[in-house]
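Step one of this worksheet: look at the structure below.
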Amino acid sequence: MQTPDMVDENIKKIGELFPNCITERKDSEGKVEYAIDFDVLKQELSKDIVSGEQERYAFTWPNKKEAIRLANSPINKTLRPIREKSVDFENTQNIYIEGDNLDALKLLRENYLHGVKMIYFDPPYNTGSDFVYKDNFSQAATDYVANSGQTDENGNQLVANKESNGRFHTDWLNMIYPRLKVCRDLLSDDGVVAISIDDNEQKNLKNICDEIFGGANFLAQVVWERSFAPISLKKHFSVSHDYILFYAKNIAKALCNGLPRTEESNSRYQNIDNDPRGPWQSDNSTVGPAIPEKVYELTLPSGRKILPPNGRCWLYTKERFKELIADNRIWFGPDGNNVPRVKRFLSEVKSGLTPMTIWKYSEVGHSQEASQNLKKLFGGRSYFDYPKPVGLIKRCLALYTDKDSLVLDFFSGSATTAQAVMELNAEDGGTRKYILVQLPEATGIMSSAYEDGLETICDVGEERIRRAGNKIIEELEQKEADLFEQGKNKPKLDTGFRVFRIDSSNMTDVFYRPKDYTGNLFDYVEDNIKTDRTPEDLLFQVMLETDIPLSAKIEKETIDGKEFFNVADGVLIASFDKDLTDEAIIEVAKRQPMYFVMRNSSAASDSVITNFDTIFKTYSKDTVRKIL
């Protein structure tokens, strides 16, 4: 029960394309394994003979190879549900994960492979005071934990990345690269990633994104006006902007919904000739440079003959122009004597306006406004200095999500993305879902959050979601008071979330090498499940293994006196009770689930294990059976 080893997966893919590049070698323990002969692979990908180093464009930094290895390496961890911190656990489709975001991305990779429509995140900007993850690339675990600075429960270190440390950009790049590499696997083919950043690492982030997503999939670098007043104490410039980098997984498949049309934009369309197709505005009928077959004399309704301006030609061929004139799609002015213009009808233009790359604070909000709104949500208490405005995230989501899309934010901070998803759903009736990930950093005993019982950033984010959800529901009820009786029949809006915490695997290490074995074999027989793990802990690890969404519906039922979990209406049936009988397993097999899982110690007797496969072959041969 570990996440896939992506190196093995990549070797398989290369082997399918270039079988001659697959070789065998001994690993560090002396076992024979498959590997890539990179000299042969280089030659397969080159039209010339490959020899020696050649100058080429490359973006690199110290430890880059280790960062790639870190992205591909598997982990033995799981997600444990925390019901007491969740809201509407049974019904919600939203997920909040507490823990290292790289571990979270790896745990989600198989379940949500190509399933996320949009990823937005706001990483540390590397200003010299931001805390950044410092992953252990090469140090021994004992040496690593002994380093100064904050460490989480998984041994990862959070450090204030001072420019004086000599690895200012390197540490940040080593942190961001593996996370971006893994998150790309989660994006759907038409998905888009949006990343907030400032000038400190903008160029490096764009270089990384060009490498991971491909430069051809770059969509835009949006400039967001994050402040409205200059800081007079600045020596040279008062910076008033941040950036948002947009990249598509595949630019040919990504679709932009555009911005909602405004009254101002629609007012440009008029109907001065009472055309039955409605309001229109005129557009240029020439284009440059000139194409010979589109340069011809045109006779206006007034009888005047004209040619296109020098160096330009008509937009259409002569035949197509005649068709448009006949269809009253060309405007020659009220007297029929003007240079022709093409009529563009409001009824035929796309519903959304093409967004520009400068976003004013008057349109999407600014940092000060975001801080004030968050403070107001928490009853006048200030917990975050620079949260992102909800309006900013809503615009990102509105541009590139559908009403039922899944959104991921793995640097969730104050959980602005969750509020943006809920507000957008409330506005357009959507059912968007989110997955948020946040390391449970301590808020600090001197902070106002700690005074209010919010000991970690996760506590703050989860409380923000609860308060924002209640506020949105109240506003909906007030807005639609004629449809909803106060306190009853609340609007159908998912404001809940399931909380999970990343932890070590539920399984104990019960495997021994022959050289480790001495004495009686039965001395080594033990339960392979950790004693502090609950049946629900095991269930969610099984869901991760069987690619079932973490938000899937879970029902408990009793079969032959034992508790069973029914997940996603029978896709998975599992039981971790003891003393399961043949009769209980027969009843499950008759339901023909896609998966059935039980513990090794669940069987009432040896005969139950013996009959296990026979029962399923008789009643449900296609069910995938697993015994933990």
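The values are calculated or read from the model by the stated rules, or taken from the named source; none is laboratory data. Just so it is clear, the structure is predicted and the values come from calculations on it, not from any experiment. All Cβ positions, even for glycine, are placed from backbone atoms using ideal geometry, and neighbour counts span all protein chains on display.
Conditions tested, residue by residue: (1) in a loop (DSSP other than H, G, I, E, B); (2) in the same structural domain as K206 (by TED's automatic domain parsing); (3) loosely packed, with under 10 Cβ neighbours inside 10 Å; (4) at pLDDT below 80.
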residue	(1), (2), (3), (4)
E24	no, no, yes, no
S28	yes, no, yes, yes
Y34	no, no, no, no
L41	no, no, no, no
K47	yes, no, yes, yes
V50	yes, no, no, yes
W61	yes, no, no, no
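On the given criteria, is R83 of a type in the set (K, R) and modelled with pLDDT under 95? Outline the logic, then answer.
Values: of a type in the set (K, R): yes; modelled with pLDDT under 95: no.
The answer is no for R83.
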Let me confirm something: among D459, D452, D402, D409, which residue is more than 30 Å from L255 (Cβ to Cβ), touching a residue at least 60 places away in the same chain (Cβ under 8 Å) and among the acidic types (D, E)? D452
Restricting attention to segment 223-255, and to residues there that are outside any loop (DSSP other than H, G, I, E, B) and β-branched (V, I, T), which single residue is surrounded by the most Cβ atoms within 10 Å (Cβ to Cβ)? I244
Given (1) in contact with a Pro (Cβ under 6 Å, 6 or more places away or on another chain); (2) of a type outside the set (F, W, Y); (3) surrounded by fewer than 22 Cβ atoms within 10 Å (Cβ to Cβ), number of the condition C458 does not satisfy: (3)
Say whether the condition of being modelled with pLDDT under 90 and not in a strand (DSSP E or B) is met by at least one residue in segment 587-599. yes
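Would you check if there is a residue in segment 341-361 being part of a helix (DSSP H, G or I) and within 27 Å of the chain's Cα centre (by Cα)? Please lay out each step first, then the result.
So the first thing to find is which residues in segment 341-361 are part of a helix (DSSP H, G or I), and the list is 346-348, 361.
When the remaining residues are screened for being within 27 Å of the chain's Cα centre (by Cα), the result is 361.
Yes, because at least one residue in segment 341-361 is part of a helix (DSSP H, G or I) and within 27 Å of the chain's Cα centre (by Cα).
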Does E563 satisfy the criteria of being assigned to a strand (DSSP E or B), acidic (D, E) and touching a residue at least 12 places away in the same chain (Cβ under 8 Å)? yes
Suppose the filter is surrounded by 18 or more Cβ atoms within 10 Å (Cβ to Cβ) and over 28 Å from N76 (Cα atoms); does D606 pass it? no
Taking segment 191-205, which residues are touching a helix residue (DSSP H, G or I) at 6+ places or on another chain (Cβ under 9 Å) and either crowded, with 20+ Cβ neighbours inside 10 Å or under 14 Å from F246 (Cβ atoms) (or both)? G191, V192, V193, A194, I195, S196, I197, E201, L205
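So, S371, is that one surrounded by 13 or more Cβ atoms within 10 Å (Cβ to Cβ), under 41 Å from the mean Cα position of the chain (by Cα) and either outside the structural domain of D242 (by TED's automatic domain parsing) or not in a helix (DSSP H, G or I) (or both) or not? Walk me through it before giving the result.
Details: surrounded by 13 or more Cβ atoms within 10 Å (Cβ to Cβ): yes; under 41 Å from the mean Cα position of the chain (by Cα): yes; either outside the structural domain of D242 (by TED's automatic domain parsing) or not in a helix (DSSP H, G or I) (or both): no.
It is false that S371 is surrounded by 13 or more Cβ atoms within 10 Å (Cβ to Cβ), under 41 Å from the mean Cα position of the chain (by Cα) and either outside the structural domain of D242 (by TED's automatic domain parsing) or not in a helix (DSSP H, G or I) (or both).
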Output yes when any residue across segment 103-112 is modelled with pLDDT of 95 or more and in contact with a Phe, Trp or Tyr (Cβ under 7 Å, 6 or more places away or on another chain), and no when none is. yes
Inspect all residues belonging to segment 384-400 and state whether any of them is within 16 Å of R466 (Cβ to Cβ), in the same structural domain as E225 (by TED's automatic domain parsing) and of a type in the set (D, E). no
Complete set of residues in segment 423-435 that are touching a Leu at 6+ places or on another chain (Cβ under 8 Å), surrounded by fewer than 24 Cβ atoms within 10 Å (Cβ to Cβ) and not basic (K, R): L424, N425, A426, G430
Flag if A574 is buried (at least 21 other Cβ atoms within 10 Å of the Cβ), closer than 30 Å to D503 by Cα, touching a residue at least 12 places away in the same chain (Cβ under 8 Å) and out of contact with any Pro (no Cβ under 7 Å at 6 or more places or on another chain): yes
Would you mention how many residues in segment 263-316 are in contact (Cβ under 8 Å) with a residue 60 or more places away in the chain, of a type in the set (A, V, I, L, M, F, W, C) and not in a strand (DSSP E or B)? 1
Checked pairs for segment 1-20, first surrounded by fewer than 12 Cβ atoms within 10 Å (Cβ to Cβ), second part of a loop (DSSP other than H, G, I, E, B), C-beta under 9 Å and 6 or more apart or across chains, list as N20/D37
Return only the number of the condition from (1) in contact with a strand residue (DSSP E or B) (Cβ under 7 Å, 6 or more places away or on another chain); (2) surrounded by 14 or more Cβ atoms within 10 Å (Cβ to Cβ); (3) not in a helix (DSSP H, G or I) that G333 does not satisfy. (1)
